[in-house]
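*Asks:* Before we start, here is the structure in question, set down as structure tokens.
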Amino acid sequence: MRIGLFTDTYPPFINGVSTSVLMLKQELEKMGHEVYVVTVNNEAFSYKKEDNVLRIPGVPIGIMDFRQSGIYPLRALKIIKKWKLDVIHTHTEFSIGAFARLISKQYNIPLVHTYHTMYEEYIYYITKGYFDSASKKLVEYLTLFLCDKTIDELIVPTKKTKDLFKEKYKVKRDVHVIPSGIDVTRFYKENVKDSEIKELKEELGIKPRDFTILYVGRVAKEKNIEFLIENFKAVSKKIPRAKMYIVGDGPDMKDLIELTSHNKLDNKIVFVGKVPWDDVPKYYSLCDSFVTASTSETQGLTVIEAMAASKPVVAIKDESFELVIESGKDGILFENEEEYKEALFKLYKDKEFCNSIKQNARKKANLYSAEVYAKSVLEIYEKLMNKDTNIIKKTIHNVKHVFEKSGGKK
């Protein structure tokens, strides 16, 4: 099968979506399929094509780190047309996603879409708190149009997201729940060199008896990092040698550093900043616990990454995390500040309990491997290709290609 993955984010840009698309490409290729990626280049006026990845010129749009490409770049269209795609899989609603929808329509190529982002949680970046109600209605309208009316099959990573479409947006179509996969093996503790962890601990000033708490992800309002910082003073009273490391970058970095200083925690909380993709497993390996208080996730891949590294996760009780974590067995879910502090203290004091969590965490993470993810997505492609309507689409697509190749001669 010839598959086109269309996404606004792809490595070296790092986030959950880019990682998910990369893993899907690699796993589908292992299965023998030809996989092409269309994404945005970080340069405004240049195209780049290598390893079946086409990067289209993009410009910053002032929202997080995202870039906007042209809606219908003709140079890219000529390249994509030669790929003779059997199916298109979009991982974004806008920019590259809009381009994919036009190609799908023009060349009768079936289109699968994965809805990765709960946009209602990100309206703040555009409205800055104004017109929230009207903005949410607009987001709902656009989401319904782009994720229901213009696609053939819809994939979401969690039941939480499916409920959004079924219960709030009232869509009638099938909504397939397929958790995004990751290469869990790259986070296994045995795959990270002890010498590299030792070197990193020395660089960060981590002492042997320190209890290290880690957050990895965007440093932004919707991630609720403020909760982690404001509760750290109480955590450090219970665990005097506790330190927290915040890995990642984002628009709230300055404000959160100021909050840390205000709470006199500069020597306890370290903002590491953005780190290379290849180095991320090292940071999981050096921590004693991974924490998150975000309720904006569609799935929360960093939680699975930490679990794959055999680290106990302490996460806020949210549907996205409830699907992954069985609290008290392979992680801990908390509902309030007191439960959060008690969870960390229990991991610190009860070594037997902590070790049990670590062992079960890795087992759970293996259920979210890239291979399992790719096989589930492939089933959707095959289902789509076997639909009567799409058999007709494919026939039209093939006939058009043969006609064009012959120079339009009958």
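Matching residues to (1) in a helix (DSSP H, G or I); (2) modelled with pLDDT under 90; (3) over 19 Å from the mean Cα position of the chain (by Cα); (4) surrounded by fewer than 23 Cβ atoms within 10 Å (Cβ to Cβ):
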position: Thr302; (1), (2), (3), (4): yes, no, no, no
position: Lys358; (1), (2), (3), (4): yes, no, yes, yes
position: Lys364; (1), (2), (3), (4): yes, no, no, yes
position: Ile392; (1), (2), (3), (4): yes, yes, yes, yes
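*Asks:* While we're looking at this one, here's another question. Just checking, how many residues over the range 248-300 are closer than 13 Å to Lys223 by Cα and either out of contact with any Pro (no Cβ under 6 Å at 6 or more places or on another chain) or open to solvent by 30 Å² or more (accessible area, probe 1.4 Å) (or both)?
*Replies:* Summing the residues that are closer than 13 Å to Lys223 by Cα and either out of contact with any Pro (no Cβ under 6 Å at 6 or more places or on another chain) or open to solvent by 30 Å² or more (accessible area, probe 1.4 Å) (or both) in the range 248-300 gives 15.
*Asks:* Looking at Glu190 and the list (1) open to solvent by 50 Å² or more (accessible area, probe 1.4 Å); (2) of a type outside the set (S, T, N, Q); (3) on the phi > 0 side of the Ramachandran plot, which single condition is not satisfied?
*Replies:* (3)
*Asks:* Do we have any residue at all in the range 282-290 that's part of a strand (DSSP E or B), of a type outside the set (Gly, Ala, Ser) and under 22 Å from Lys346 (Cβ atoms)? Talk me through it step by step, then tell me what you get.
*Replies:* First, the residues of the range 282-290 that are part of a strand (DSSP E or B): 289-290.
Going one step further and asking which of them are of a type outside the set (Gly, Ala, Ser), we end up with 290.
Retained after the next criterion (residues that are under 22 Å from Lys346 (Cβ atoms)): 290.
Within the range 282-290, one or more residues are part of a strand (DSSP E or B), of a type outside the set (Gly, Ala, Ser) and under 22 Å from Lys346 (Cβ atoms).
*Asks:* Show me the helices (runs of 4 or more DSSP H) found entirely inside the range 183-255 where at least 1 residues are closer than 25 Å to Asn15 by Cβ and charged (D, E, K, R).
*Replies:* Numbers: elements: 194-204, 225-230, 232-238.
Passing ranges, in order: 194-204, 225-230.
*Asks:* Next question, about the same structure. Which residues, taken from the range 325-345, are in contact with a helix residue (DSSP H, G or I) (Cβ under 6 Å, 6 or more places away or on another chain), of a type in the set (A, V, I, L, M) and either surrounded by fewer than 17 Cβ atoms within 10 Å (Cβ to Cβ) or outside any helix (DSSP H, G or I) (or both)?
*Replies:* Scanning the range 325-345 gives a single hit, Ile332.
*Asks:* Name every residue in the range 311-324 that is open to solvent by less than 10 Å² (accessible area, probe 1.4 Å), assigned to a loop (DSSP other than H, G, I, E, B) and modelled with pLDDT of 95 or more, in order of residue number. Explain how you work it out, then say what you get.
*Replies:* Within the range 311-324, the first condition is being open to solvent by less than 10 Å² (accessible area, probe 1.4 Å), and the residues that meet it are 312-315, 320-321, 324.
Restricting the remaining residues to those that are assigned to a loop (DSSP other than H, G, I, E, B) gives 312, 324.
Listed by number, the list holds a single entry, Pro312.
*Asks:* Kindly indicate the residue of the range 238-251 that is without any contact (Cβ under 8 Å) to a residue 40 or more places away in the chain and under 19 Å from the mean Cα position of the chain (by Cα) and also farthest from Tyr215 (Cα to Cα) among those meeting that condition.
*Replies:* Ranking the qualifying residues of the range 238-251, first place goes to Asp249.
*Asks:* Could you grab me the full set of residues in the range 3-27 that are under 17 Å from Arg218 (Cα atoms) and either open to solvent by less than 10 Å² (accessible area, probe 1.4 Å) or in contact with a helix residue (DSSP H, G or I) (Cβ under 8 Å, 6 or more places away or on another chain) (or both)? Walk me through it before giving the result.
*Replies:* Residues of the range 3-27 that are under 17 Å from Arg218 (Cα atoms), as a first pass: 8-20.
Correct list: Asp8, Thr9, Tyr10, Pro11, Pro12, Ile14, Gly16, Ser18, Thr19, Ser20.
The values are calculated or read from the model by the stated rules, or taken from the named source; none is laboratory data. Just so we're clear, the structure is a prediction, and the values are computed from it rather than from any experiment. A quick note on method: Cβ atoms are made from the backbone with ideal geometry, for glycine too, and the neighbour counts reach across all protein chains shown. All accessible areas refer to the heavy atoms of the entire protein, side chains included, with ligands and DNA or RNA removed. Shrake-Rupley method; radii C 1.70, N 1.55, O 1.52, S 1.80 Å.
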